[in-house]
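The values are calculated or read from the model by the stated rules, or taken from the named source; none is laboratory data. Source: prediction; values computed, not measured. As a convention, Cβ positions derive from the backbone with ideal geometry for all residues, glycine included, and neighbour counts pool all protein chains shown.
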Amino acid sequence: MEKKIVKDRGSVYLGQPGWDALIQFIQESNPSKVFVLTDSHTAKHCLPYFVSSMPKGFTFQHLNIPAGEMHKNIATCSNLWEQLSRSGADRQSLMINLGGGVVTDLGGFVACTYQRGIDFVNIPTSLLSMVDAAVGGKNGVDLGNLKNQVGIIKNAHSVLIDIAFLETLPDHEFRSGMAEMIKHGLIHSEVYLDQVMVLDRNEKSHLETAIWDSILIKNEVITEDPFEKGLRKTLNYGHTLGHAIESFCLESSTRKTLLHGEAIAIGMILETYISHKQFQFPEYQLEKTTNFILQHYARVSFSRSEIDEIIKLLIFDKKNSHGSIQFVLLEDIGKHKLNCTVPNALIFEAFDFYRDFPF
Ligand code: GLY
């Protein structure tokens, strides 16, 4: 069966049909210029495959940014807006974002804002970007250490998934992406969660199916609620505390920065514990999930004062309303509760659970 989700905008394609669709789109829309955005890693590891997948003689201008979350900011955008302007980009130009979550989020934002918006296509090259960041139209940058505080929701013209890009992806980056797949399992179904728990990156067809199923889960949610008025908040499961932990580690001079998925994996343990306490999320599922996460992600220890700092950062969460911090919690796998408030004492208790879980 051909795997594609076709929409006016935001179509997602898997494999060769995606390359065919991209080539056809470029032929038909005849952009005045094509810009391909990479970071320093994808310039080396992914650009050659991109070039070899496009027709001979295909011309484009290469834009490159330094790799890493610390460059996902307005300064990097300004630089790109200037380069686009100097290169004569106009409204009929096309931007192709070839990279992981930073490239697709930031590249999408630059494309949405340059001359009030030019077309862009996402070609995610990391697992995280394939199953989450590149799909669903969230584009933006960090503000200081605060994740994705500035941005816009607007779909790419299309998203092309090709798992050949994952061959050069380091294991820790692979694990980071897997956290979003665990999240899709928790918010959707035990069947999918089990599929992720036996994922082997070397089994290509299993991997491709698991990635596509993750995209289908996300697509179901964003089709119903593209602008995050309700249901889409479930895609933030584990992210309320996860983002705060990620920001805390980004800001701290003594802490090792955590990859997004590494922080979200911790956030999912904490929020699943809170779900168990507040809504009777089944204990055996909590233990199974915690055990799986601790098998794949090194445990991080936080002191009481660090947890205090993390709790203070919750005030910046984008799901908050009228000053109240709102979590997405679960009664069971696939059964969510939106806009939940959680006492700080229970957050501390969740950190204790994470610290002491026998493993
Ligand atoms: N990454 C969560 C969302 O797209 O809503």
Candidate set from region 221-233 (those that are within 9 Å of the ligand (Cβ to nearest atom) and in a helix (DSSP H, G or I)); member that is nearest to Lys337 (Cα to Cα): Lys233
Matching residues in region 233-290 - criterion: being among the aromatic types (Phe, Trp, Tyr) and within 19 Å of Ile325 (Cα to Cα): Tyr237, Phe248, Tyr273, Phe279
Within region 205-218, considering residues that are of a type outside the set (Val, Ile, Thr) and closer than 27 Å to Leu258 by Cα, the one surrounded by the most Cβ atoms within 10 Å (Cβ to Cβ): Ser214
Condition check for Pro124: over 21 Å from Ile211 (Cβ atoms) and not hydrophobic (A, V, I, L, M, F, W, C): no
Unique match (being away from the ligand (no atom under 15 Å from the Cβ), part of a loop (DSSP other than H, G, I, E, B) and at pLDDT 95 or above) among Leu199, Leu207, Leu193, Leu166: Leu199
Count - residues of region 59-72 that are part of a loop (DSSP other than H, G, I, E, B) and surrounded by fewer than 16 Cβ atoms within 10 Å (Cβ to Cβ): 3
Meets criteria (within 13 Å of the ligand (Cβ to nearest atom), polar (S, T, N, Q) and surrounded by 20 or more Cβ atoms within 10 Å (Cβ to Cβ)) for Asn139: yes
Hey, Phe227 under 23 Å from Leu160 (Cα atoms), surrounded by fewer than 19 Cβ atoms within 10 Å (Cβ to Cβ) and among the aromatic types (Phe, Trp, Tyr) or not: yes
Among residues of region 234-257, those that are more than 10 Å from the ligand (Cβ to nearest atom), buried (at least 23 other Cβ atoms within 10 Å of the Cβ) and part of a loop (DSSP other than H, G, I, E, B), counted: 1
Of all residues making up region 294-325, the number that are outside any loop (DSSP other than H, G, I, E, B) and within 15 Å of Leu241 (Cβ to Cβ): 11
Single residue of region 105-136 satisfying the filter (crowded, with 24+ Cβ neighbours inside 10 Å, among the β-branched types (Val, Ile, Thr) and more than 21 Å from Leu258 (Cβ to Cβ)) that is nearest to the ligand (Cβ to nearest atom): Val135
Considering residues of region 1-57 that are touching a Lys or Arg at 6+ places or on another chain (Cβ under 8 Å) and part of a helix (DSSP H, G or I) only, the residue surrounded by the most Cβ atoms within 10 Å (Cβ to Cβ): Gly18
